[in-house]
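Encoded as structure tokens, the structure appears first; notes follow it.
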Amino acid sequence: SLYGCEITRTDFSGATLTGITIERCAITGSRFTGTRLTDVRLKDVLFDGCRFDYATFQRVAAGGSVAFTDCILTNGAWSSCRLPRIALRSCDLAGLDLDSCHLVGTDLRGSRLHGLKTSLDNLRGVTVGRGQLPDLTQLTIDVLDLAVRDE
């Protein structure tokens, strides 16, 4: 496990992190491109300015305060994650595929939702900003396969 550490500008690209706990850590400017996180527990962790493009999260759980700020999470996949009350602030979530995730209480304000791939159930109880409503509306139209036509 990682405890009480500060990691700066480190390349974890392509790594597989399985069954570890990351606690009381600040990780800044690091790259997790294509990284696989499986059965990882996060507690009191800050990811700031990190790249998680094409990263896979499976059964990742938050047991304390967790924040992703100014991170790129594009084209990744999160499945069976329990990440309630985390912060995903000012992140790019385009192409992120959410499957069977529990995100109740998660703060998505300021994050790019355009192109997010998910059922609406994964977004139950999240907080968004007024400016994100057009992207959320488009997501709803796409998920429900609605036909929108002019009268």
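The values are calculated or read from the model by the stated rules, or taken from the named source; none is laboratory data. If you're wondering where the values come from, they're calculated on a predicted model, not measured in any experiment. We work out accessible area using only protein heavy atoms, side chains counted, and drop any ligands, DNA or RNA first. Shrake-Rupley method; radii C 1.70, N 1.55, O 1.52, S 1.80 Å.
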Using a 1.4 angstrom probe on the protein heavy atoms only, line up Glu23, Glu6 by accessible area, largest first.
Glu6, Glu23
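Roll a 1.4 Å probe over the protein chains and send me the accessible area per residue for the range 1-84 in Å².
Value for the range 1-84: 46 Å² per residue.
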Using a 1.4 angstrom probe on the protein heavy atoms only, could you order Val40, Val143, Val148 from most to least accessible area?
Val148, Val143, Val40
Between 0 and 90°, nearest 10: helix 133-143 axis offset from the chain longest Cα axis
80
If you plug each phi of the range 19-25 into the Karplus form 6.51 cos²θ - 1.76 cosθ + 1.60 with θ = phi - 60°, what whole-Hz ³J(HN,Hα) values come out, in order, with x for Gly and Pro?
x, 9, 10, 10, 9, 6, 10
On the accessible surface of the chain, probed at 1.4 Å with all protein chains in place, carbon and sulfur together account for a percent value of 45
Excluding ligands and nucleic acids, what accessible area in Å² is computed for Tyr54 using a 1.4 Å probe, to the nearest 10?
140
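With each run of n ≥ 4 DSSP H residues scored as -39500 (n - 2.57), what mean residue ellipticity at 222 nm is computed for the chain after dividing by its residue count and rounding to the nearest 500 deg cm²/dmol?
Helix contribution divided over all residues of the chain: -2000 deg cm²/dmol.
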If I ignore ligands, DNA and RNA and count only protein heavy atoms, how much of Phe12 is accessible to a 1.4 Å probe, in Å² to the nearest 10?
50
From the protein chains alone at 1.4 Å, what is the descending order of accessible area for Leu17, Leu116, largest first?
Leu17, Leu116
